Amino acid sequence: MVRSVILGLRYLLSCLNLTLILSLTGVVSATIHPQEEMRVFTQLPATLQEVDVIIAGGGTAACVIASRISDADPQLSILVVEQGGNNLDDPTIVHPLLFLSYLAPTSNATLFHQATAEEQLGGRELVVPSGGVLGGGSSINLMMYSRAQRTDFDNWATNGWSADDMIPYLKKLETYSGPGSETTHGFNGPEQISGGTYRANRSTDQFIEAAAKVGYPEIADLQGLDFNNGVQRAQRFISPEGKRQDAAHTYLHPRLQDGKHPNLNVLVETQVLRVIFDGKKACGIEIRPNPAKQTNITGASKQTIKAKKMVIVSAGALGTPLILERSGVGPTPETLFESQPTATFQSVLASPSVPHNDPPHKD
Ligand SMILES: Cc1cc2nc3c(=O)[nH]c(=O)nc-3n(C[C@H](O)[C@H](O)[C@H](O)COP(=O)(O)OP(=O)(O)OC[C@H]3O[C@@H](n4cnc5c(N)ncnc54)[C@H](O)[C@@H]3O)c2cc1C
């Protein structure tokens with residue numbers, strides 16, 4: 001916690017040095033790659049009403065999963081359904097300096113979840129932001145290269161999810177150019193990790209010096225899984241040339257454009273309402289155009305998409321439980337109705353692993 005706060009503060013300091021330049025930054029217009037234009041839709045085409053794999057949500061994890069499945073078998077028809085818009089070449093996303101715009105309440109790429117009042121917070125209701133655009137949180141976040149500690153993984157005590165099990169995947173993700181050991185860092189992955197193109201060295205040095213005086217030494221590589229309680233000259237999800245490394249630009253867009261993944265498709269500006277079950281087997285989803293994005297569409301426009309092989313729900317820590325509960329999957333049948341007593345849910349599966357009551361069910 002202390003480490004994260006220190007890193008966050010330090011990063012903000014370095015960015016604030018640059019905010020003046022915001023007003024000088026030119027806006028580059030996005031050009032849609034012709035191959036990609038054929039694969040990213042705002043309306044469901046008739047050819048995609050039945051696919052092999054549906055991925056509900058098009059955020060950070062979803063972009064990676066869709067890409068890996070498509071690599072494994074390019075013949076599989078895959079449809080990613082994202083409630084936000086396409087992020088391709090959006091200058092406010094690819095240029096790291098503009099990240100602060102996503103914390104503004106007017107941001108159309110951020111979802112703001114209103115929490116319930118907390119006694120421990122003097123009755124205040126927190127607002128929790130999350131990604132609301134293709135690429136999810138990776139498109140709008142602060143780009144700090146921050147990994148869990150070895151103990152975080154090991155404490156799950158779950159077969160296949162220990163730190164040692166995870167290291168090959170952590171390495172596979174990245175092309176790392178910071179300090180540290182090659183036993184925990186990778187050098188051939190799609191995400192470039194670097195210090196970016198700018199550092200406010202004077203304020204960084206002063207901050208590190210001050211932290212050392214109160215007992216937090218400088219550690220060259222805090223992200224090596226075995227180091228804590230110190231400060232580091234941060235590495236970032238930014239390429240050495242200065243571009244944000246969001247999961248859509250590093251995984252999804254290259255595959256939508258390379259002509260080698262002809263069955264990978266994306267439906268944007270479309271909300272997943274629920275997963276449809278045949279007994280206990282997920283066999284499709286119900287969708288509707290996102291009314292906040294597609295204002296030209298009125299009236300009842302729910303549609304279904306069938307999945308021949310599987311439905312993956314990857315709508316984030318706050319979005320996934322909502323979709324699952326609307327689909328009849330919650331901790332208990334009763335919890336499904338707590339926030340929406342008049343709704344017509346059919347309980348499909350009682351699963352204690354679905355978090356309940358995190359945000360209220362307002363969407
Ligand atoms: C402001 C902010 C700053 C952050 N800073 C950092 C940082 O510096 N470093 C770091 O490592 N991490 C940071 N994070 C955290 C990191 O970005 C997230 O942990 C990560 O992106 C989560 O990935 P995910 O795939 O689980 O979910 P997400 O990336 O949130 O993806 C979920 C996707 O599902 C979509 N969705 C939700 N509901 C529906 C629906 N009903 N139908 C269709 N689509 C839906 C959403 O629009 C979203 O695109 C930050 C997060 C935020 C919000």
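Return a yes/no flag: does the range 174-192 have any residue that is within 16 Å of the ligand (Cβ to nearest atom) and hydrophobic (A, V, I, L, M, F, W, C).
no
Out of (1) under 26 Å from LEU76 (Cβ atoms); (2) among the hydroxyl-bearing types (Ser, Thr, Tyr); (3) free of Cβ contacts under 8 Å to residues at least 24 places away in the same chain, what's the single condition that is false for SER314?
Only one criterion in (1) under 26 Å from LEU76 (Cβ atoms); (2) among the hydroxyl-bearing types (Ser, Thr, Tyr); (3) free of Cβ contacts under 8 Å to residues at least 24 places away in the same chain is unmet by SER314, namely (3).
Would you call LEU318 within 12 Å of the ligand (Cβ to nearest atom), over 23 Å from ASP52 (Cβ atoms), crowded, with 20+ Cβ neighbours inside 10 Å and not β-branched (Val, Ile, Thr)? Write out each step before concluding.
On the way: within 12 Å of the ligand (Cβ to nearest atom): yes; over 23 Å from ASP52 (Cβ atoms): yes; crowded, with 20+ Cβ neighbours inside 10 Å: no; not β-branched (Val, Ile, Thr): yes.
Against the criterion (within 12 Å of the ligand (Cβ to nearest atom), over 23 Å from ASP52 (Cβ atoms), crowded, with 20+ Cβ neighbours inside 10 Å and not β-branched (Val, Ile, Thr)), LEU318 does not qualify.
Being more than 11 Å from the ligand (Cβ to nearest atom), in contact (Cβ under 8 Å) with a residue 40 or more places away in the chain and more than 20 Å from GLY319 (Cβ to Cβ) is true for just one of LEU98, LEU79. Which residue is that? Full working, then the answer.
Values: LEU79 fails: more than 20 Å from GLY319 (Cβ to Cβ).
Answer to the selection: LEU98.
Pull up the range 260-283, narrow it to residues that are within 16 Å of the ligand (Cβ to nearest atom) and under 20 Å from ARG39 (Cα atoms), then point me to the one that is farthest from the chain's Cα centre (by Cα).
ASN265
From GLN192, GLN223, GLN235, which residue is polar (S, T, N, Q), within 22 Å of LEU142 (Cα to Cα) and in contact with a Lys or Arg (Cβ under 7 Å, 6 or more places away or on another chain)?
Testing whether each residue is polar (S, T, N, Q), within 22 Å of LEU142 (Cα to Cα) and in contact with a Lys or Arg (Cβ under 7 Å, 6 or more places away or on another chain) leaves just GLN223.
Filter the range 138-157 down to the residues that are hydroxyl-bearing (Ser, Thr, Tyr) and within 6 Å of the ligand (Cβ to nearest atom), then identify the one that is farthest from the chain's Cα centre (by Cα).
Only one residue fits best here, namely SER146.
So how many residues does the range 120-137 have that are within 21 Å of GLU82 (Cα to Cα) and either more than 7 Å from the ligand (Cβ to nearest atom) or part of a loop (DSSP other than H, G, I, E, B) (or both)?
6
Looking only at the range 256-301, how many residues end up being in a loop (DSSP other than H, G, I, E, B) and in contact with a Lys or Arg (Cβ under 7 Å, 6 or more places away or on another chain)?
3
With the condition kept exactly as written, say whether any residue in the range 169-192 is on the phi < 0 side of the Ramachandran plot, acidic (Asp, Glu) and surrounded by fewer than 12 Cβ atoms within 10 Å (Cβ to Cβ).
Yes, some residue in the range 169-192 is on the phi < 0 side of the Ramachandran plot, acidic (Asp, Glu) and surrounded by fewer than 12 Cβ atoms within 10 Å (Cβ to Cβ).
Of the residues ALA117, ALA66, ALA62, which is farther than 24 Å from PRO240 by Cα, in a helix (DSSP H, G or I), more than 9 Å from the ligand (Cβ to nearest atom) and touching a strand residue (DSSP E or B) at 6+ places or on another chain (Cβ under 6 Å)?
The match here is ALA66.
No lab work stands behind these numbers, since they all come straight from the coordinates. What you see is a predicted model; the values in this text were computed from it and never measured. No Cβ is skipped: glycine too gets one built from the backbone with ideal geometry, and neighbour counts run over all protein chains shown.
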